[in-house]
Amino acid sequence: MTVSNSVDFNLTANEIVIEARRKAGVHDDEEPLEAQDLVTGMRAMTMMLKTWQAEGVMAWTLTEGTLALVQGTVSYLFGAGGAFTTVPLTLESVRILRSSNEIPMFRLSRQDYYDLPNKTTQGYPTQFYYDRQRSGGTLYVWPAPDADTGTLNFTYRRLIMDMDASVDDPDVPQEWLEAMTYGLAKRLMEN
């Protein structure tokens, strides 16, 4: 038996839209894909991926990051011009690294962080709060790092990439292509 030795199967945005239309009963030979249909399909596909992202089902978007702590600094900006240029969707875990020891930090809710009486207290940071906004985010640590600063290692969920052009590959593993196609077909039938 001969096998291909190939495992790089993928579909472009255009191919996914055509396949989803076919699953929805729209055949290209009867109703060719118009430019506006492609735009509508790509928009629906991106919205579907963003919804899946919000539901937390995209394990492949987990990524590692590192941030140097600065003595007395309680907040670190994420995004353009920040201490970390990527804006995480969420911070899944944060660990402080000092003297070759990596110690997990405890997550604070927004309310718990803002209820702290003195946010500028310095010491060994043990807790964090991440405030993600539309165009950036801020990581707060408590207590503020003392003279013995360290490094934060963190696991974050990165934002999934948009489908901006018909030749774009989706930002998903190939195992998700069928789910994308059927999900898109369902959304296209609802229009």
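Full extension of the segment from residue 28 to residue 1, taken as 0.36 nm per residue of separation minus the current Cα-Cα distance, would add 6.2 nm. Label zone (residue 75, point 7 Å along Cα-to-C-beta; backbone nitrogen cut-off 19 Å) within segment 128-153: 128-146.
Helix 13-23 and the longest principal axis of the Cα set of the chain meet at an angle near 60°. Given 36, 13, 130, which one lies farthest toward the positive end of the charge dipole of the chain, if we put +1 on the Cβ of every Lys and Arg and -1 on the Cβ of every Asp and Glu? Final value for the positive-end residue is 130. Place a point 7 Å from the Cα of residue 9 along the Cα-to-Cβ direction; which residues of segment 166-191 have their backbone N under 16 Å from it? Counting backbone N atoms under 16 Å from the label point, the list is 170, 172-182. Model label sites at residue 85 and residue 182, defined 7 Å from Cα along the beta-carbon direction, differ in position by 4.0 nm. Helix content alone sets the calculated 222 nm mean residue ellipticity of the chain: runs of n ≥ 4 DSSP H residues at -39500 (n - 2.57) each, divided across all residues, give -8000 deg cm²/dmol. Extension gain, residue 120 to residue 59, is 18.4 nm, computed as 0.36 nm per intervening residue step minus the present C-alpha separation.
Loop-located chymotrypsin sites (Phe, Trp or Tyr not before Pro) across segment 1-71 with a Cβ neighbour count of 14 or fewer within 10 Å are 9, with loop assigned by DSSP. For segment 112-191, the share of alpha carbon pairs falling in successive 5 Å distance bins from zero is 3, 10, 14, 15, 12, 9, 8, 8, 9, 8, 4, 1, 0 percent.
Share of carbon and sulfur in the accessible area of segment 14-144 stands at 52%, probe radius 1.4 Å.
For segment 81-181, the solvent-accessible area works out to 53 Å² per residue, with a probe of 1.4 Å and every protein chain left in place. Prolate is the label for segment 16-68, because the ratio a/c of its alpha-carbon gyration tensor axes (a ≥ b ≥ c) is 1.5 or higher and a/b is greater than b/c.
The values are calculated or read from the model by the stated rules, or taken from the named source; none is laboratory data. Please read all numbers here as calculations on a predicted model, not as lab measurements. Note: ideal-geometry Cβ built from the backbone for every residue, glycine included; neighbour counts use all protein chains shown. For the accessible areas, the whole protein counts, side chains as well, though only heavy atoms, and no ligand, DNA or RNA atoms are used. Shrake-Rupley method; radii C 1.70, N 1.55, O 1.52, S 1.80 Å.
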